[in-house]
Amino acid sequence: MVHFEIPANNPEKLAGFYKELFGWKVEKMQMGTNNPTGEMEYWTIETKTSQDSTGTNGGMMKRMDPKQQVTNYVLVESVDEYSKKAEKLGAKIIVSKTPIPNMGAFAVALDPEGNPFGIFESSAT
């Protein structure tokens, strides 16, 4: 797992909750005109205290659907290949491959029981 996302009705308030509870660093991202998500506001979450510490970093955004759940992302070599493989195994792709400038690309699927998960490929070489 390389990333998680938490949907929130009030991201600023929920950011305060996680900061206070776990000491996480939560900051609103400055999205420029190249924002791949349009007008969506996004908060980054750092759970690690250093490069060597354990944990997975994530993000938070305004809830887009009342049933939206936390989504965990798994690092893969190719979003295209794993999307096809997931569908063959019974998953449904609900967000097709989406580029993230200077980072890579992601897709989101529902497993055969309806649980969301994401796949991410890094553009870092």
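Things to note:
- Within the stretch 41-63, the set of residues being over 13 Å from Phe4 (Cβ atoms) and modelled with pLDDT under 90 comprises Glu41, Thr49, Ser50, Gln51, Asp52, Ser53, Thr54.
- The residues of the stretch 15-40 that are in contact with an Asp or Glu (Cβ under 9 Å, 6 or more places away or on another chain) and either polar (S, T, N, Q) or modelled with pLDDT under 90 (or both), listed by number, are Met29, Met31.
- Subset of the stretch 61-77 [out of contact with any Asp or Glu (no Cβ under 7 Å at 6 or more places or on another chain) and either of a type in the set (Lys, Arg) or over 18 Å from Gly114 (Cβ atoms) (or both)]: Arg63, Lys67, Leu75
The values are calculated or read from the model by the stated rules, or taken from the named source; none is laboratory data. This one's a predicted model, so the numbers in the text were calculated from it and none came from an experiment. Cβ coordinates were reconstructed from backbone atoms using ideal geometry, including for glycine residues, and neighbour counts include every protein chain displayed.
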